[in-house]
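Engineer: Mind having a look at this structure? Questions to follow.
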Amino acid sequence: MLPLKVKQMECQKLDRVLEAAVVLTWPELMPDDDCALVHVEYDFDSEHNIDFLQIWSSKKRGIWRLICTCSMARYEITKSSVQFQNGYASQQLEQILDRVMRHQDLFVLPHNPGRQGLIQIAAPTEEQRRAAAVSVKEALDAVKDSREEFALV
């Protein structure tokens, strides 16, 4: 039986955790721009898990720059499934994405009616960043707790 904390985490939606990861790391990704917009786009595999995602930024309307990609297929080849582009970097975002994407089964997956997923994120307020920090901490704690539970079995 999984710990209570892990059972509670099953109620947390994976797409909200992904959004929280971007909001939390916003200062690293967009240090000088409070007017930027970020898109998180993702694709599903045949088992309805997210197997590929891209994070894009726009500082000017209609102009998008790739921040990073996360590919579960790439994880099989390298230690990290996350690859940054265009001068963007965030060790914290890389660690969050890497852990959460490997443990998608701990979260409620986005509904997949045969489509791609999209999350749009505007520049967050300080209050939104604090809430995102709590959400990410809970998600990472659930991943840690589930690993410990599996190790005991």
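Engineer: Kindly list the number of the only condition in (1) modelled with pLDDT under 90; (2) within 23 Å of L106 (Cα to Cα); (3) small (G, A, S) that fails for A36.
Structural biologist: All conditions pass for A36, except number (2).
Engineer: Right, another one. Examine the stretch 88-95 for a residue that is in a loop (DSSP other than H, G, I, E, B), touching a helix residue (DSSP H, G or I) at 6+ places or on another chain (Cβ under 8 Å), crowded, with 18+ Cβ neighbours inside 10 Å and at pLDDT below 90, and state whether such a residue exists. Quick ask: steps written out before the conclusion?
Structural biologist: To start, the set of residues in the stretch 88-95 that are in a loop (DSSP other than H, G, I, E, B) comprises 88-90.
Applying the additional criterion that residues be touching a helix residue (DSSP H, G or I) at 6+ places or on another chain (Cβ under 8 Å) yields 88-90.
Going one step further and asking which of them are crowded, with 18+ Cβ neighbours inside 10 Å, we end up with 90.
Right, trim to at pLDDT below 90 and you get none.
So far as the stretch 88-95 goes, no, none of its residues is in a loop (DSSP other than H, G, I, E, B), touching a helix residue (DSSP H, G or I) at 6+ places or on another chain (Cβ under 8 Å), crowded, with 18+ Cβ neighbours inside 10 Å and at pLDDT below 90.
Engineer: Is it the case, given these coordinates, that P110 is modelled with pLDDT under 95, assigned to a loop (DSSP other than H, G, I, E, B) and over 24 Å from K144 (Cα atoms)?
Structural biologist: Values: modelled with pLDDT under 95: yes; assigned to a loop (DSSP other than H, G, I, E, B): yes; over 24 Å from K144 (Cα atoms): no.
Taking the combined requirement at face value, the residue does not satisfy it.
Engineer: With of a type in the set (S, T, Y), assigned to a strand (DSSP E or B) and either at pLDDT 85 or above or surrounded by fewer than 19 Cβ atoms within 10 Å (Cβ to Cβ) (or both) as the only criterion, which of S46, S135, S57, S146 stands out?
Structural biologist: Values: S46 fails: assigned to a strand (DSSP E or B); S135 fails: assigned to a strand (DSSP E or B); S146 fails: assigned to a strand (DSSP E or B).
On inspection, the qualifying residue turns out to be S57.
Engineer: Still on this model: Determine whether Q104 is modelled with pLDDT under 95, among the polar types (S, T, N, Q) and under 23 Å from D145 (Cβ atoms). Let's see the steps before the verdict.
Structural biologist: Working: modelled with pLDDT under 95: yes; among the polar types (S, T, N, Q): yes; under 23 Å from D145 (Cβ atoms): yes.
The answer is yes for Q104.
The values are calculated or read from the model by the stated rules, or taken from the named source; none is laboratory data. Nothing here was measured: the structure is a model prediction, and the numbers come from that model. So basically every Cβ, Gly included, is an ideal-geometry build from the backbone, and we count neighbours across all protein chains shown.
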